[in-house]
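**Student:** Quick one: this structure, given as structure tokens, is what I'll be asking you about.
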Amino acid sequence: MRTHRIAAIAGDGIGKEVIPAGLEVLRALTERAGDFRLEVEEFPWGSDFYRATGRMMPEDGLATLKGFDAIYFGAVGDPHLPDDVTLWGLRLAICQGFDQYANIRPTRVLPGLESPLRGLAPGAIDWVIVRENSEGEYAGHGGRAHRGHPIEVATETSIFTRAGVERIMRTAFAIARSRPRRLLTVVTKSNAQRHGMVFWDEIAAQVAAEFPEVRWEKELVDAMAARMVRRPASIDTVVATNLHADILSDLAGALAGSLGVAPTANLDPSRAHPSMFEPIHGSAFDIMGKGVANPIATFWTACMMLEHLGETAGAARLMRAIEAATAKGVLTPDLGGTARTSEVTAAVIEAIRGDNA
């Protein structure tokens, strides 16, 4: 039987609710499939771990994770701790430590869900946003001087390397080539940022020559945000910088109904390191412990993890189960429903067990 080792890190906030729900669904899925299994080890890293130890994860955390086939991650962030401590101490430490440079965020309006866009035609939103995940605006390069004085200064320098931009462009073009429309939109702000963003545009044109079957276009990030709202059907695959794609993909999740349904994969396409899979909704402390966190993004994220592991049939079965649950109207409050996390989980498990494919 095929076996995959999974490191599960629930992290903070509702991550502690949706990751257990995801593991429950995955157990039901492997039992139903019968041809693969997941060996899961859970790690209590995050803000509570920081309060006890002074670190978000142990010093040898990356070495511990390196032996796994994938990482199933919940959320990070705590209102009682600085965001730079929590984010850089765990999530970004893993992403950058394992060179997970390709952040992949699919967006669709699932059956039974409604977009806030009026009169949206079925299938009008079917996007994949490819986010550069290792450098750019989140490279962490900069500093502060003259603290506390009127001349205090803070700098945050975006870093764009030829290697970094080329590899994310190739990833995006390859994804666009694999999709029916074979259309890629390269998003920058090159009219105002004349160095790094013009560099992106130039490299996009160079890489495009390697993918003649892909139609590609350029769009400024502000125009892209408007286009996502006004002409969603004109979009297919999108590639953007770390910051720009972060913002656009959150907008995409909202347009699909809720950030609670939005999944993501942090990939090392070379597979030299494990990749990490997480919902994008964050720790959501305002609803923590209320039992109403939406687990759909975490389940869809598990589909992406299974696809990465080569379990395409299992991923497809899980996606069908998710869509069956949403189509029946088993929805949490963020989607206008009244279901609890446990009820959505039970509905997806029921659909898995009833799937005869």
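The values are calculated or read from the model by the stated rules, or taken from the named source; none is laboratory data. Quantities reported herein were computed from a predicted structural model and do not represent experimental measurements. As a convention, Cβ positions derive from the backbone with ideal geometry for all residues, glycine included, and neighbour counts pool all protein chains shown.
**Student:** Among the candidates Ala28, Ala21, Ala52, single out the residue that is assigned by TED's automatic domain parsing to the domain that holds Thr341, modelled with pLDDT of 95 or more and closer than 20 Å to His281 by Cβ.
**Tutor:** Going through Ala28, Ala21, Ala52 in turn, the sole match is Ala21.
**Student:** Run down Asp78, Asp99 and say which single residue is in contact (Cβ under 8 Å) with a residue 24 or more places away in the chain, assigned to a loop (DSSP other than H, G, I, E, B) and under 19 Å from the mean Cα position of the chain (by Cα).
**Tutor:** Asp99
**Student:** Taking segment 336-357 as the search range and keeping residues that are among the small types (Gly, Ala, Ser) and under 23 Å from Glu31 (Cβ atoms), which one is surrounded by the most Cβ atoms within 10 Å (Cβ to Cβ)?
**Tutor:** Going through the qualifying residues, I end up with Ala351.
**Student:** Related question: Can you find, within segment 309-335, the residue that is surrounded by the fewest Cβ atoms within 10 Å (Cβ to Cβ) among those that are closer than 29 Å to Ser270 by Cα and in contact with a Lys or Arg (Cβ under 9 Å, 6 or more places away or on another chain)?
**Tutor:** Only one residue tops the list, namely Gly310.
**Student:** Going through segment 212-227 one residue at a time, which ones are hydrophobic (A, V, I, L, M, F, W, C) and without any contact (Cβ under 8 Å) to a residue 40 or more places away in the chain?
**Tutor:** Leu220, Val221, Ala223, Met224, Ala225, Ala226
**Student:** Only one of these is closer than 24 Å to Asn242 by Cβ, surrounded by fewer than 21 Cβ atoms within 10 Å (Cβ to Cβ) and of a type in the set (A, V, I, L, M): Leu120, Leu81, Leu90, Leu113. Name it.
**Tutor:** Among Leu120, Leu81, Leu90, Leu113, only Leu81 is closer than 24 Å to Asn242 by Cβ, surrounded by fewer than 21 Cβ atoms within 10 Å (Cβ to Cβ) and of a type in the set (A, V, I, L, M).
**Student:** On to the next question. Quick one: Ile322 ticks every box in (1) touching a residue at least 40 places away in the same chain (Cβ under 8 Å); (2) over 14 Å from Val25 (Cα atoms) except a single one, so which number is it?
**Tutor:** (2)
**Student:** Have a look at Ser158, Ser249 and point out the one that is of a type in the set (Ser, Thr, Tyr), buried (at least 16 other Cβ atoms within 10 Å of the Cβ) and in contact with a helix residue (DSSP H, G or I) (Cβ under 8 Å, 6 or more places away or on another chain).
**Tutor:** After applying the criteria, what remains is Ser158.
**Student:** So how many residues does segment 4-27 have that are over 15 Å from Ile71 (Cα atoms) and either surrounded by 20 or more Cβ atoms within 10 Å (Cβ to Cβ) or in contact with a His (Cβ under 9 Å, 6 or more places away or on another chain) (or both)?
**Tutor:** Residues meeting the conditions: 6.
**Student:** Separate question: Failed condition for Gly310, given (1) within 20 Å of Val25 (Cα to Cα); (2) under 17 Å from the mean Cα position of the chain (by Cα), with all others met?
**Tutor:** (2)
**Student:** Find all pairs meeting these conditions: Cβ atoms under 8 angstrom apart; at least six residues apart or on different chains; first residue within segment 1-28 and of a type in the set (S, T, N, Q); second residue surrounded by fewer than 19 Cβ atoms within 10 Å (Cβ to Cβ).
**Tutor:** As it stands, the answer is Thr3/Phe36; Thr3/Arg37; Thr3/Glu39, since those pairs meet every condition given.
**Student:** Looking at Ala154, Ala163, Ala192, Ala124, which one is in a strand (DSSP E or B) and not acidic (Asp, Glu)?
**Tutor:** Ala154
**Student:** Which one is surrounded by the most Cβ atoms within 10 Å (Cβ to Cβ), of the residues in segment 138-155 that are closer than 28 Å to Val187 by Cβ and small (Gly, Ala, Ser)?
**Tutor:** Within segment 138-155, the match that is surrounded by the most Cβ atoms within 10 Å (Cβ to Cβ) is Ala139.
**Student:** Does Gly291 meet the test of being surrounded by fewer than 18 Cβ atoms within 10 Å (Cβ to Cβ) and at negative phi?
**Tutor:** no
**Student:** Within segment 202-223, is there a residue that is part of a loop (DSSP other than H, G, I, E, B), of a type in the set (A, V, I, L, M, F, W, C) and surrounded by 23 or more Cβ atoms within 10 Å (Cβ to Cβ)?
**Tutor:** No: zero hits.
**Student:** Same structure, new question: Does segment 121-146 hold any residues that are among the charged types (D, E, K, R) and either closer than 17 Å to Gly164 by Cβ or modelled with pLDDT of 95 or more (or both), and which are they?
**Tutor:** Answer for segment 121-146, where residues must be among the charged types (D, E, K, R) and either closer than 17 Å to Gly164 by Cβ or modelled with pLDDT of 95 or more (or both): Asp126, Arg131, Glu132, Glu135, Glu137.
**Student:** Which of (1) modelled with pLDDT under 95; (2) assigned to a strand (DSSP E or B) is the odd one out, the single condition Leu92 does not satisfy?
**Tutor:** Against the list (1) modelled with pLDDT under 95; (2) assigned to a strand (DSSP E or B), Leu92 comes up short only on (2).
**Student:** Let me ask another. Looking at segment 127-151, which of the residues that are part of a strand (DSSP E or B) and small (Gly, Ala, Ser) is farthest from Arg320 (Cα to Cα)?
**Tutor:** So the residue we want is Ala145.
**Student:** With respect to Val85, determine if the residue is in a helix (DSSP H, G or I), in the same structural domain as Ala302 (by TED's automatic domain parsing) and touching a helix residue (DSSP H, G or I) at 6+ places or on another chain (Cβ under 8 Å).
**Tutor:** yes
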